[in-house]
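The next block holds one structure in the form of structure tokens; read it before the comments.
Please treat every number below as a calculation from the coordinates, not as lab data. No experiment lies behind these values; they were computed from the predicted model shown. Note that we place each Cβ from the backbone using ideal geometry, even for glycine, and neighbour counts take in every protein chain shown.
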Amino acid sequence: MLGLSKQASLYLSLLLFLSLQSSVLTLTGTASQCQSAPFVPGYNLAGEGFNIVTLRRQGAYVIDMRTHLNPSGTCTLYHNPLQGNALQKVISVGLNKDKLGSLNVGGTGSDAYSFASTRSREDQHIFSLHYMYCTHYSYRVSNRPTLSSEFRGDLDQLPPYSASTKADYRRIIETYGTHYINKVWLGGRYRRLSAIRTCLSKLNGLSTYQAHDCLSLGIKLSLKIIQGSSETHTCSKILENMDTAASYSAGLHQHVTEVTGGNGWLGEFSLSGIDASGYETWLRSLKDHPDVIHYSLRPLYELALSWSTMIGLYLATHDYLKEHGVSSGTSNPRCSGRPNLDYNCCPIETRRGNLRVTIVRAWGLKGDPVGKTEAYVCVCWYHFIIVIIISFASLLVLIEVWDEDVFRDDRLGSCVRNLRQGSHTFICSVQRGGIEIRYSLTCDRHLTGNQCQDYRPVP
């Protein structure tokens with residue numbers, strides 16, 4: 001999954017800010033200065049409980065993120081170059097400008113997981129992630145942080161962990177999560193997770209990689225990250241989200257977006273035209289309204305003040321994660337030997353499937369004026385002679401009845417029928433007799449309709 005190229009101008013201010021680490025930017029404030037100075041933006045976004053199953057911050061703090069005064073009654077003040085060098089205070093648990101990094105944690109209760117699971121149950125998809133971000137601030141808590149009074153009080157009341165006390169520990173996890181945020185990078189982030197219908201894209205002549213590249217192109221053009229492209233025409237089906245091969249109304253792809261930090265933009269825009277005003281407003285708002293875009297986590301049990309509580313929290317967290325785990329095993333469909341299905345069982349063309357033809361009975365077949373008539377039936381399909389089971393390449397089936405002779409076979413009659421999905425029986429009348437034919441037509445995977453002309457979602 002590839003990220004979008006970032007705007008150079010966006011990162012210029014970021015790099016300059018992160019490089020300003022000299023003592024000129026900081027000073028020790030007096031009590032009156034500490035009282036009047038505002039906190040730096042996002043000062044309290046570290047020290048919060050975090051649930052790695054839901055991938056959500058809990059809104060409950062395990063670290064004291066309000067205390068800004070040192071034991072001497074002073075505080076640390078910073079000149080913030082992103083806000084006119086205004087003096088701003090930080091909490092006393094620590095602030096660092098570190099090298100950028102990230103920890104991506106997958107959760108079975110997250111919005112992205114829910115979206116992907118739902119789409120996977122509906123149809124065969126490949127998932128494509130596009131993202132962009134900018135970072136303005138980074139903080140971390142100290143190695144020996146002061147616990148919040150509420151969290152400390154809840155820990156003090158925990159009994160030793162057992163089956164009978166499991167509910168007490170589960171309440172701690174439900175309130176504070178499984179981990180806590182000990183380091184944060186603040187700014188803004190946009191993420192778009194797209195579910196691309198693998199087989200419908202194939203029918204429209206697009207590989208999943210081409211579909212991803214077309215989505216990338218559409219996002220860059222719409223947000224004015226690049227100017228124009230000769231590839232727009234080849235990507236028109238993806239950019240307009242329109243299926244032309246099987247007229248499937250739900251489109252080639254669906255998506256869910258997540259906008260973190262800033263305001264004035266929900267992350268939705270048209271892929272088929274320039275639609276960047278909301279995005280540009282959002283970018284300008286990030287320095288004043290940052291949010292967590294990357295974070296580093298530590299297990300919650302590490303903050304326990306007693307050995308008994310630490311072991312109990314560790315076991316409770318282990319049990320909780322085990323209960324909410326998901327198997328990583330997947331089963332791939334098998335479709336070898338089917339000429340219209342590719343390696344991942346996607347149809348190459350519509351109006352294709354498997355046909356089984358059965359000669360049920362025949363009567364009154366007379367071809368030779370003298371002697372016994374040696375009758376046989378050929379199921380002819382274009383230039384092919386079809387016996388019992390075939391993969392059909394036409395919407396018609398031709399039945400011919402011949403009398404086999406030594407020098408020349410005699411054609412007794414024929415009939416043509418339109419093929420329809422399902423099992424059907426018909427009578428083919430010939431000279432003074434007839435034959436009864438039964439056929440069964442099964443559309444290839446992902447195809448449906450009377451003539452297998454429509455697309456059908458298959459997980």
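For the pair ARG361 and SER114, label points projected 7 Å from Cα toward Cβ lie 6.1 nm apart. The phi torsions of segment 312-322, fed into the Karplus equation with coefficients 6.51, -1.76 and 1.60 and a -60° offset, translate into couplings of x, 5, 4, 5, 5, 5, 4, 5, 5, 5, 5 Hz, rounded to whole numbers, with Gly and Pro shown as x. Classify segment 8-323 as rounded, prolate or oblate from the Cα gyration tensor: take a ≥ b ≥ c as the square roots of its eigenvalues, call it rounded if a/c is under 1.5, otherwise prolate when a/b beats b/c and oblate if not. Taking the square roots of the gyration eigenvalues as a ≥ b ≥ c, segment 8-323 is oblate.
Scalar couplings 3J(HN,Hα) for segment 430-445, obtained by applying the Karplus form with A = 6.51, B = -1.76, C = 1.60 to θ = phi - 60°, are 10, 4, 6, x, x, 9, 9, 10, 10, 9, 10, 10, 10, 5, 4, 3 Hz; x denotes Gly and Pro. The relative contact order of segment 8-323, computed from alpha carbon pairs under 8 Å that lie at least 6 residues apart in sequence, is 21 percent. Decide, for segment 240-332, between rounded, prolate and oblate: order the square roots of the alpha carbon gyration tensor eigenvalues as a ≥ b ≥ c, take rounded if a/c falls under 1.5, and otherwise choose prolate if a/b is larger than b/c, else oblate. Oblate shape, in that a/c is at least 1.5 and b/c is the bigger or equal ratio. With a cut-off of 10 Å between beta carbons, the residues surrounding ILE181 carry a summed charge of +3, where Lys and Arg count +1 and Asp and Glu -1.
Across segment 55-60, coupling constants 3J(HN,Hα) worked out from phi with the 6.51/-1.76/1.60 Karplus curve, θ = phi - 60°, read 6, 10, 6, 8, x, 10 Hz, and Gly and Pro carry x. Charged neighbours of SER296, selected by a Cβ distance under 9 Å, balance to +3 (K, R count +1; D, E count -1). Sorting 341-350, 212-221, 242-251 by their mean Cβ neighbour count within 10 Å, with the most densely packed peptide first, gives 212-221, 341-350, 242-251. Projecting the Cα atoms of CYS214, TYR180, ASN80 onto the charge dipole of segment 8-323, computed from C-beta unit charges around the Cα centre, puts ASN80 farthest toward the positive end.
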